[in-house]
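The values are calculated or read from the model by the stated rules, or taken from the named source; none is laboratory data. Remember, predicted model here, so these are calculated numbers, not experimental data. All Cβ positions, even for glycine, are placed from backbone atoms using ideal geometry, and neighbour counts span all protein chains on display. Calculation scope for accessible area: heavy atoms of the full protein, side chains included, ligands and nucleic acids excluded. Shrake-Rupley method; radii C 1.70, N 1.55, O 1.52, S 1.80 Å.
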Number of protein chains: 2
Amino acid sequence: MATTDSMNNWLDSVKWDSDGLVPAIAQDARSGRILMMAWMNREALQRSAELNQAVYWSRSRNRLWHKGETSGHVQHLSEIRLDCDADVIVLQVEQVGGIACHTGRESCFYRVLKDGEWQVVDAVLKDPKDIYQ
Amino acid sequence: MATTDSMNNWLDSVKWDSDGLVPAIAQDARSGRILMMAWMNREALQRSAELNQAVYWSRSRNRLWHKGETSGHVQHLSEIRLDCDADVIVLQVEQVGGIACHTGRESCFYRVLKDGEWQVVDAVLKDPKDIYQ
């Protein structure tokens with residue numbers, strides 16, 4: 001019978017940084033839009049794979065962060081990829097609610113460099129006050 | 001007349017980490033495929049914007065890394081975005097040669113988690129020996 005250890009060999013292949021973290025990029029599986037980048041520790045990645053939902057490590061709150069736990073905007077995972085250096089993750093996600101950003105936008109990347117300024121180019125889809133109640 | 005300082009205010013808006021770096025994600029502008037993630041310091045981002053080509057900071061070689069300087073596989077930039085926390089960059093790129101990864105693949109994210117293993121699912125398009133001569 002496979003032990004828990006042998007079953008988690010894939011987690012040992014990941015090159016965690018000195019804080020035990022790797023960047024995880026969430027991409028909308030349908031549109032290809034990059035929604036956000038957050039961080040995962042070993043437990044976050046393991047739980048993401050078990051749940052088929054994105055679980056990150058919140059560096060500001062210093063705890064596991066099940067994306068959508070407050071807003072309901074969970075991310076269902078269809079694929080988890082690892083890069084050549086084994087230190088970055090890409091998630092293909094279905095973003096519930098169509099909003100990944102805490103500002104109420106689809107994507108956290110809503111500012112474009114133009115004429116020497118970061119210009120906001122994406123609309124707020126829902127007021128954050130109505131998201132985090 | 002605008003001074004160099006005032007012209008680079010947009011660089012001051014970026015929240016560099018304790019090493020003076022931010023992650024930069026390169027996405028193929030046409031296909032939407034995520035090609036790679038690397039790191040930028042202030043100078044790398046400034047030069048990227050000036051050149052309209054991706055310039056990263058190589059953490060292993062501890063120097064600026066003009067992507068494609070050896071392979072010729074430069075990345076032409078059509079857009080630079082910043083996220084809500086101002087600590088992650090997304091680049092829309094045209095990948096010369098169609099190969100971003102040093103393994104000779106289109107994307108560095110060529111391994112998928114499947115049945116508890118990272119399985120290689122993308123082909124090598126060109127032998128690295130023929131890329132780095």
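Overview of results
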| read-out | value |
| --- | --- |
| Alpha-carbon centroids, segment B:31-79 and segment A:65-82: separation in whole Å | 29 Å |
| Net charge of Cβ neighbours under 12 Å - reference residue B:91; Lys, Arg +1; Asp, Glu -1 | -1 |
| Among A:47, A:30, A:105: highest mean-square fluctuation, GNM of chain A, C-alpha pairs under 10 Å | A:30 |
| Cα centre as origin, Lys/Arg/Asp/Glu Cβ charges: the protein assembly as shown dipole, Debye | 60 debye |
| Net charge of Cβ neighbours under 14 Å - reference residue A:81; Lys, Arg +1; Asp, Glu -1 | -3 |
| Kirkwood Rh and Cα Rg combined as Rg over Rh, evaluated for chain B | 1.01 |
| Electrostatic dipole magnitude of segment A:4-102 [Cβ: Lys, Arg +1; Asp, Glu -1; Cα centre; debye, to 20] | 360 debye |
| Dipole axis of segment A:4-102 (+1 Lys, Arg; -1 Asp, Glu on Cβ), positive-most option in A:96, A:49, A:26 | A:96 |
| Whole-number accessible area per residue in Å² for chain A, which is evaluated in the context of all protein chains at 1.4 Å | 50 Å² |
| Residue mean of other protein chain beta carbons inside 10 Å, A:7-17 | 2 |
| Chain-alone versus full-assembly comparison, segment B:33-47, residues with accessible loss of at least 50 Å² (1.4 Å probe) | B:34, B:37 |
| Interchain or long-range residues, amide H under 5 Å from residue B:95's placed H | B:29 |
| Threshold 20 Å² - residues in segment B:93-133 whose accessible area is reduced by that much or more when the chain is no longer isolated, probe 1.4 Å | B:102, B:108, B:109, B:111, B:112, B:113, B:116, B:118 |
| Fluctuation leader among A:86, A:29, A:44 - chain A, Gaussian network, Cα springs under 10 angstrom | A:86 |
| Highest-fluctuation residue, B:26, B:49, B:123 considered, GNM on chain B with Cα pairs under 10 Å | B:123 |
| Cα-based helix-to-principal-axis angle, B:42-51 vs chain B, degrees rounded to 10 | 80 degrees |
| Heavy-atom accessible surface that B and A bury in contact, both chains counted, 1.4 Å, Å² to 100 | 3100 Å² |
| Apportionment of accessible area to carbon and sulfur, segment B:27-133, percent (1.4 Å) | 43 percent |
